[in-house]
Amino acid sequence: MPQTPSATWPDTRPAPFGRCAAAMITPFTADGSLDLPGTQRLATHLVDRGGCDTLVLSGTTGESPTTSDEEKAAVVRAVAEAVGDRATVVAGVGTADTRHSVALARDAEKAGADGLLVVTPYYSRPTQEAITHHLRTVADATDVPVMLYDIPARTGKGTALTADSLRRLAEHPRILGVKDCSFDLLTSGLVMAETDLAYYSGSDETHLPLLAIGASGVVSTVANVAGRQVRGVLDAFAAGDPATAAARHRALLPLVDAVMNEVSGTVAVKALFRAAGLPGGPVRGPLLDADEALTARLATVLQAALRSDRVTDSKG
């Protein structure tokens, strides 16, 4: 796994999965099949031009509910080949079925993943003990480091990882981090204070607040289309310039609002990529592609965010 320098980072917490991760979309061709050349082109773009040192594949943004096991493994192989040691490749392998998650984890390891993203199991409403057992079982299945994915808004309120569960999971030698979409700064802060888990903000609006209490980095949907701007928040914070970090964070918020709240992040990113001539293609059902009017609104907000970021930098 590539090593990320942390000498200038204001906190001493490790970053086993990099600092700036894009929650990458999965490109499809016009007929809806997997676009592996486009996947490699996009991965290279996000790393070499987008400022991302990590790519998270087959997460929610990557349409994991609608891609097959074979497609997921093929995406990992393609991206690992495209980016080499220039970025960390993290594969989403979480499902509501422990056996299925174990199988996906082993497939991802064979395909070349540097890390695994494992969401808490959903729909079945397991207890905290059952959730902890599920996550440990997946972590036991390979030699690959694991990032837990805590997103109760999608998996159900009862699946939110408690501080006690996170403390227990932190004892596992391969569970090294958390993608935190819990919006629970109290629990996150307590766990960061009491464990060595590397926290990653998984919701773009919480990037700077979580960094301020000790997070190691971010997993960002908006980084697909504004990676350098997302990276700019991290860089300013790492340089000990919280005022610039805050200004850059605020400059991105209208884009975050448009991408994540007006429509799903996947739909928004693919619409913007189509407009820019980048790989993406259509979404798979049950999602629906953005129409021309929505695409135009998203493009306007994106351009405003990029202009605002340049103005912020010129004042810094």
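The values are calculated or read from the model by the stated rules, or taken from the named source; none is laboratory data. Since the model is a prediction, treat every value here as computed from it, not as a measurement. Positions of Cβ are backbone-derived with ideal geometry, glycine not excepted, and every protein chain shown enters the neighbour counts.
Of all the listed residues (226, 299, 305, 245), the sole one being modelled with pLDDT of 95 or more, surrounded by 15 or more Cβ atoms within 10 Å (Cβ to Cβ) and over 24 Å from residue 39 (Cα atoms) is 245.
Has the stretch 243-260 got any residue that is more than 28 Å from residue 171 (Cα to Cα), β-branched (Val, Ile, Thr), free of Cβ contacts under 8 Å to residues at least 60 places away in the same chain and in a helix (DSSP H, G or I)? The answer is yes, given that some residue of the stretch 243-260 is more than 28 Å from residue 171 (Cα to Cα), β-branched (Val, Ile, Thr), free of Cβ contacts under 8 Å to residues at least 60 places away in the same chain and in a helix (DSSP H, G or I). If the condition is being touching a Ser or Thr at 6+ places or on another chain (Cβ under 9 Å), not in a strand (DSSP E or B) and not basic (Lys, Arg), then the stretch 68-88 contributes 71, 74, 75, 76, 78, 79, 82, 83, 87. Looking across 127, 61, one residue alone is among the β-branched types (Val, Ile, Thr) and either out of contact with any Gly (no Cβ under 8 Å at 6 or more places or on another chain) or within 23 Å of residue 174 (Cβ to Cβ) (or both). It is 127. Taking first residues from the stretch 204-231 that are over 20 Å from residue 183 (Cα atoms) and partners that are outside any loop (DSSP other than H, G, I, E, B) and modelled with pLDDT under 95, the Cβ contacts under 7 Å between residues at least 6 apart in sequence or on separate chains come to 226/305; 226/306; 229/305; 229/306; 229/309. Restricting attention to the stretch 107-156 and to residues that are charged (D, E, K, R) and modelled with pLDDT under 95, the residue that is nearest to the chain's Cα centre (by Cα) turns out to be 154. Consider the stretch 12-59 and keep the residues that are modelled with pLDDT of 95 or more and among the β-branched types (Val, Ile, Thr). The one that is surrounded by the most Cβ atoms within 10 Å (Cβ to Cβ) is 54. If we keep just the residues of the stretch 164-189 that are touching a strand residue (DSSP E or B) at 6+ places or on another chain (Cβ under 7 Å), of a type in the set (Gly, Ala, Ser) and not in a helix (DSSP H, G or I), which is farthest from residue 22 (Cα to Cα)? Top of the filtered list is 182. Just one of the listed residues (93, 102) is crowded, with 24+ Cβ neighbours inside 10 Å and farther than 23 Å from residue 211 by Cβ, namely 93.
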